[in-house]
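J.: This is the structure I have questions about; it appears just below.
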Amino acid sequence: MIKITTPSRLHITLIDLNASIGRVDGGIGLTIEEPGFCITAERSDAPGKVVVTSEAAGGSAHTGRMHKSAATLLPDWGGIRIHIEHDAPSHVGLGSGTQGALAAGMAVNRLYDLGLSVRDIAIRVGRGGTSGIGVAAFESGGFILDGGHAFSEKGAFKPSAASKSPPAPILFQHPFPDWEIVLAIPDARGAHDDKEVDIFEQECPIPLHEVQELSHIILMETLPSVVEEDIESFGDSINRIQNTGFKRREIALQRPEIPRIIELMQENTCGAGMSSFGPVVYGITDNKRDAGNAMRLVREFLDETTGGCSIVTHASNSGADVS
């Protein structure tokens, strides 16, 4: 039997959805410990058969995706049983689709000694076509910057779920400080599938000057602040990112409660933003008291509006655990 525990990821922003210089996408993100997946898996004697079960009442939203991923890699003569002990919520901005697909694929890989790398598995199961953050988070964790794709090869502005491109190359990966990360997880779902495709088609290309502004923030504030463990500069860069580039457009498309949660987080932590297409909002601070206060205020707001929960977690600098 094999056991796999995965992190989740915060996708802070896509960088270049203008593509005039010849590349598209690119992004920065952060691996976090919770919420994540924990699965167990074992071989079965039923050739070609995949069985996925879950502890969750009514099953898991990820059962079908994990079944498909395992079936894609499973040898014709082999079978597998996967049990989901716990999972992360789907379509909220935590990258659970990629983590679940990679966990199922890695289970087959290890049980049948296929010798595939994490990147190989991602390509086979069709993950990482726009962002390389989730794949790198599973592989080794930390704070991640990916370099996007050649626009001549990708050919269009597309989200990961609609792209057949391989995961983007990783240009920067660094351990993230042990700061407090407050998550607000509203009882809502972010854009996905056809709606996400439509948003990319309607909003892209974005103006080049916004890409240039965002790149300046990332290169000269975000990345140095991670290396130097400067919480004030890091928080400032995250706050700035919410107001430019594709991230500004993602936030503008949210229900009104989400921008208010961002404001609450920014008022009570060093910096805050929305992950991916949301609705998850994160706030980062190096002060436990501030983290607890932010979690309490956000939870009260969620109770009065969308429902949901808030938690405090930390960065994961090691990626998925396979044992």
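J.: Please count how many residues of segment 247-269 are within 21 Å of D146 (Cβ to Cβ) and in contact with a helix residue (DSSP H, G or I) (Cβ under 7 Å, 6 or more places away or on another chain).
T.: Matching residues across segment 247-269 total 2.
J.: Quick check: anything in segment 213-223 more than 20 Å from A315 (Cβ to Cβ), within 21 Å of the chain's Cα centre (by Cα) and charged (D, E, K, R)?
T.: no
J.: Looking at the structure I just gave you, is L17 in contact with a strand residue (DSSP E or B) (Cβ under 8 Å, 6 or more places away or on another chain) and either under 30 Å from M220 (Cβ atoms) or surrounded by 15 or more Cβ atoms within 10 Å (Cβ to Cβ) (or both)?
T.: Criteria met by L17.
J.: Also: Examine segment 55-69 for a residue that is among the small types (G, A, S), in a strand (DSSP E or B) and surrounded by 15 or more Cβ atoms within 10 Å (Cβ to Cβ), and state whether such a residue exists.
T.: no
J.: Another one. Hey, any hits in segment 75-92 for a residue that's closer than 30 Å to I217 by Cβ, part of a strand (DSSP E or B) and either more than 19 Å from the chain's Cα centre (by Cα) or at pLDDT 95 or above (or both)?
T.: Within segment 75-92 (the criterion being closer than 30 Å to I217 by Cβ, part of a strand (DSSP E or B) and either more than 19 Å from the chain's Cα centre (by Cα) or at pLDDT 95 or above (or both)), the answer is no, since none of the residues qualifies.
The values are calculated or read from the model by the stated rules, or taken from the named source; none is laboratory data. Just so you know, these numbers come straight off a predicted model, no measurement behind them. Because the Cβ atoms are built from the backbone with ideal geometry, glycine has one as well, and the counts that use them run over all protein chains shown.
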